[in-house]
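To keep things clear, I will list the structure first and then write my remarks on it.
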Amino acid sequence: MIKNISYAAKLYSQLATMNAAKEFNATLPISLKVLQNINPLKYLMRVGNATIEVKSKSTLEVGSNYWAFMGKSSVGSIIISNLQKQPKIFDLKNIPLKFDAKILQEFFIESKKPLESYKGFLLERLSVAQSREEFLFFSNILFSLEHNVLSFPMQYENRDSFLQLKQRKKKGKTQEDIIDFYAAFCNLGAVEGRLMLAQEEVLLEIKTPFSNTKALLEENIEFCGGVDEISVLLVKSVEPLYEFEEKLLDLKG
């Protein structure tokens, strides 16, 4: 597990470097927030510092954040396509805990019992939470552990991101060591995939719902040093390994 964490932290760092590259911003998905449902097909959205009206055939959740591609029609109206919902952790105004790749690696390498240490750390922070939002945040991180998912709010050059890891149980006599991952970035959108250690080889599979992100990853395939084989796949959507819940404090039957 520790070796897998090291590989995953390195992969996150390399993806985050690409996410922060300003020259790619125009070709990658934008981030927007749904402010109001004007009618069944029209929404008020915030994109950066601007507020705009956008038509969408898909039903969107007011208050939630999405990734999408933005363009203009032949008559000049704004077109939003390939809407992908962002993980709920991005809905939080203030995220009370953020790792970077170096700290993550050090935490899991230096600790004798890293998973127990992480759980203990989260319980301690939960016990001194200063607000409902902070309590809910640390409760969700702990609940993800109960689902065998390690959740890490991350930051790279002041940009928020999110990393989740889940190690598969080995079956039979297989020598494969597989870890599933989910990573969300402001510019790249979300990706999911798996790292597999098999017979001393490191195999990497990445899935993304955005064609431009796929093309960018393929153009910079060398960014994954130390990986023997890489495949990048285009899929309809990707989902967190564990999604944050907003009703953990709802004690009604």
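The values are calculated or read from the model by the stated rules, or taken from the named source; none is laboratory data. Fair warning: this is a prediction, and the values are worked out from it, not measured in the lab. Cβ placement follows ideal geometry from the backbone for every residue including glycine, while neighbour counts extend to all protein chains displayed.
Some values worked out for this structure:
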read-out	value
Close pairs (7 angstrom Cβ cut-off, 6 or more residues apart or separate chains): closer than 15 Å to residue 84 by Cβ in the range 226-238, among the charged types (D, E, K, R) and part of a loop (DSSP other than H, G, I, E, B) anywhere	none
Residues being assigned to a helix (DSSP H, G or I) and either over 16 Å from the mean Cα position of the chain (by Cα) or surrounded by fewer than 18 Cβ atoms within 10 Å (Cβ to Cβ) (or both) - total across the range 124-154	15
Single match in 121, 107 (criterion: outside the structural domain of residue 62 (by TED's automatic domain parsing), assigned to a helix (DSSP H, G or I) and surrounded by fewer than 16 Cβ atoms within 10 Å (Cβ to Cβ))	121
Selected residue (criterion: farthest from the chain's Cα centre (by Cα)) from residues of the range 16-38 that are modelled with pLDDT of 90 or more and surrounded by fewer than 16 Cβ atoms within 10 Å (Cβ to Cβ)	38
Of the criteria (1) closer than 26 Å to residue 114 by Cα; (2) over 18 Å from the mean Cα position of the chain (by Cα); (3) among the acidic types (Asp, Glu); (4) surrounded by fewer than 15 Cβ atoms within 10 Å (Cβ to Cβ), which one residue 157 fails	(2)
Residue in the range 198-208 that is among the hydrophobic types (A, V, I, L, M, F, W, C), out of contact with any Phe, Trp or Tyr (no Cβ under 8 Å at 6 or more places or on another chain) and at pLDDT below 85 present	yes
Filtered residue count, the range 226-243, keeping only those that are modelled with pLDDT of 90 or more, in a loop (DSSP other than H, G, I, E, B) and not basic (Lys, Arg)	8
Residue in the range 42-66 that is modelled with the lowest pLDDT, counting only those that are surrounded by fewer than 14 Cβ atoms within 10 Å (Cβ to Cβ), of a type outside the set (Ser, Thr, Tyr) and not in a strand (DSSP E or B)	57
Residues within the range 168-185 that are at pLDDT below 85 and in contact with an Asp or Glu (Cβ under 9 Å, 6 or more places away or on another chain), tallied	2
Matching entry among 99, 108, 69 (being in contact with a strand residue (DSSP E or B) (Cβ under 8 Å, 6 or more places away or on another chain), under 19 Å from residue 12 (Cα atoms) and at pLDDT below 90)	99
